[in-house]
Amino acid sequence: MPGDDASARLRLDKWLWQARFFKSRSLAAAHCRAKKVRINGAHCNKASATVQVGDILTFPKAGDVKVIEIVELGVRRGPATEAQTLYADLTPPRETPETGTQVSCNPSREKGMGRPTKTDRRALDRLQKKF
């Protein structure tokens with residue numbers, strides 16, 4: 001099994017797919033070919049690059065930069081709970097520059113910002129029909 005031996009290695013695109021960072025292995029490979037993934041600080045331009053336990057991966061994902069340490073090599077692409085055991089997330093929490101407080105990845109939008117919700121649109125329609 002790949003995770004048993006300390007010198008075991010696995011393709012980068014396969015590991016990223018097994019750890020559920022990408023929906024498909026081809027998406028992971030495209031990310032690697034675009035030189036968006038670093039292994040231990042060095043840019044990687046091949047999906048066939050091999051990784052092993054202890055390697056640090058750095059790559060952009062969902063508007064954030066992920067810093068991941070490989071803890072275990074996977075055998076299969078299992079459920080999310082199994083995939084989370086393959087890595088340790090070293091990504092520092094984001095902070096806002098003015099207050100220094102931590103910001104979640106998906107901050108809720110403020111009232112009145114962005115597109116109106118369905119309820120808001122219906123209320124506007126009712127208001128406009130009255131006049």
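The values are calculated or read from the model by the stated rules, or taken from the named source; none is laboratory data. For clarity, every value in this text was computed on a predicted model and none was experimentally measured. Every residue, glycine as well, gets a Cβ built from its backbone with ideal geometry; the counts of neighbours run over all protein chains shown. Areas reflect the complete protein model, heavy atoms only, side chains present, ligands, DNA and RNA absent. Shrake-Rupley method; radii C 1.70, N 1.55, O 1.52, S 1.80 Å.
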| Cα gyration tensor, the range 18-62 - rounded (a/c under 1.5), prolate or oblate | rounded
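To the nearest 0.05, what FRET efficiency results for Asp89 and Arg33 with a Förster distance of 25 Å applied to their C-beta separation?
Numbers: r = 24 Å, r/R0 = 0.97.
That pair, Asp89 with Arg33, gives E of 0.55.
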| request: Report, ordered by chain and residue number, the lysines lying within cross-link reach of Lys129, taken as a straight Cα distance under 25 Å and ignoring same-chain residues fewer than 8 apart. | output: Lys111, Lys118
| remark: Averaged per residue, the 1.4 Å probe accessible area of the range 1-92, protein heavy atoms only, in Å², is roughly 55
| Can you give the FRET efficiency for Ala80 and Lys130, using 1/(1 + (r/R0)^6), R0 = 35 Å, r = Cβ-Cβ distance, to the nearest 0.05? | 0.10
| message | If the reach is capped at under 17 angstrom between alpha carbons, list the lysines near Lys46, excluding any in the same chain fewer than eight residues apart. | response | Lys14, Lys35, Lys36
| Cα→Cβ-extended label distance, 7 Å offset, between Ser24 and Ala49, nm | 2.3
